[in-house]
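FYI, it's all coordinate maths here, none of it is from the lab. Every value quoted in this text rests on a predicted model; they were computed, and no experiment measured them. Positions of Cβ are backbone-derived with ideal geometry, glycine not excepted, and every protein chain shown enters the neighbour counts.
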Amino acid sequence: MPADFRYSRWDGTQTGFDPDADEVLSQLTDDLIYHGDLNAALRRLLQEGLEGPDGERLAGLRELLDRLRQRRQEELARGDLGSVFSEIARELREIVEEEQAAVDAAEQDATRSDDEVRREVAAAAAAERRMRLDLLPSDLAGRVRELSGYDFASSAAQGRFEELVERLRRQLLQSRLNDMAGAMADVDPENVRRTTEMLAALNSMLDERARGNEPDFAAFMASYGDFFPEDPKTLDELLAQLAARMAAFEAFLNSLTPEQRAELARLSDQLLGDQPGGLDLRWQLDQLSRNLQGQFPEMGWVSRYGPAGTGDPLSLLDAVEMVDRLGQIDAIEGLLSGTTSPGALSEVDPDVARDL
């Protein structure tokens, strides 16, 4: 009867390859006898890994680094960071095409009427709509601006446009704030106002700390704790979470061409600027990013990634999350590349490493 094997994700309860001191010493012996240098033998063992008595293998740093490099290539191949813009352009183009079809249908319907006034009014309305659609700017921000003030003939096209604008607003915030933006399921004026107040309070705490005072973190969480589902226990923990995400957004911007960065800036101004309080929100976000760059300069704010992949088109949020994962890979690779002793491996977050 064939053996029945069951595989499951490691959860800490399984019995695996757990070498003891005798096994480690056994694999050090030949190297130690040949070279006579215990530290050098340990470093080589750390690089090459361990073999268990039953053929199990504990990967060394060289193999782990190879896996990380492969993981980076797989991540980069998932999609082109610049496809964010082509996806938005595609959705806008489809909305315009749907609206143009509705304009044509409405005019054709009116031409079959015996009411001459109706035919003339319908023809004039169709001509005006076609002119506005034909004169839409080529840039994304301009198209969004013009369509925001356009009188749609198609309720379906209007609904698609409004849904796209709302989704892009959410993604702009989530791409910089990650889970914190979950408190803003709807980017309505009240949520924008409260988020701006929270960011202003956070920037004030950083200013207070810069003056040598310790801010009242408990009071801040009592007022704004619902923004932070991870429930940070200290200000430093909260800042580290925010810095990691904002650094990923900056790395995403660095990976774009200058033209794409300018396009995204204009689109952000348009989407947030036409909301009451949106410009104040944008200012507080930029201020927080500057503050965090000073607090966490090692977070990879100047990283950039490429070349473009050939995978599926990416949304803005997908692109920033991809860059976030690439940053985590870089951080672990940097730690492992400079490791000369097993104790240094304690700096690697096992949860992050497992997810990657």
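Full extension of the chain between residue 62 and residue 124 gives 15.1 nm of extra length, using 0.36 nm per residue less the Cα-Cα distance. Measuring r between the beta carbons of residue 274 and residue 109 and using R0 = 41 Å, the FRET efficiency lands at 0.80.
Model label points for residue 260 and residue 163, set 7 angstrom from Cα along the Cα-to-Cβ axis, are 2.7 nm apart. 3J(HN,Hα) along region 284-292, derived from phi through the Karplus expression 6.51 cos²θ - 1.76 cosθ + 1.60 where θ = phi - 60°, amounts to 5, 4, 5, 5, 5, 4, 5, 4, 6 Hz, with x in place of Gly and Pro.
With neighbours defined as other Cβ atoms within 10 Å of a residue's Cβ, the residues 192, 323 order from fewest to most as 192, 323. Region 238-278 gives an Rg/Rh value of 1.09, both radii derived from C-alpha positions and Rh following Kirkwood. As a proxy for reagent exposure, ranking 246, 205 by other Cβ atoms within 10 Å from fewest up yields 205, 246. Here the Karplus curve 6.51 cos²θ - 1.76 cosθ + 1.60, taken at θ = phi - 60°, turns the phi angles of region 100-105 into couplings of 4, 5, 5, 4, 4, 5 Hz, with x standing for Gly and Pro. The 3J(HN,Hα) values that the Karplus relation (6.51, -1.76, 1.60; θ = phi - 60°) gives for region 267-280 are, in residue order, 5, 5, 4, 5, 5, 8, x, 8, 9, x, x, x, 5, 4 Hz. Gly and Pro appear as x.
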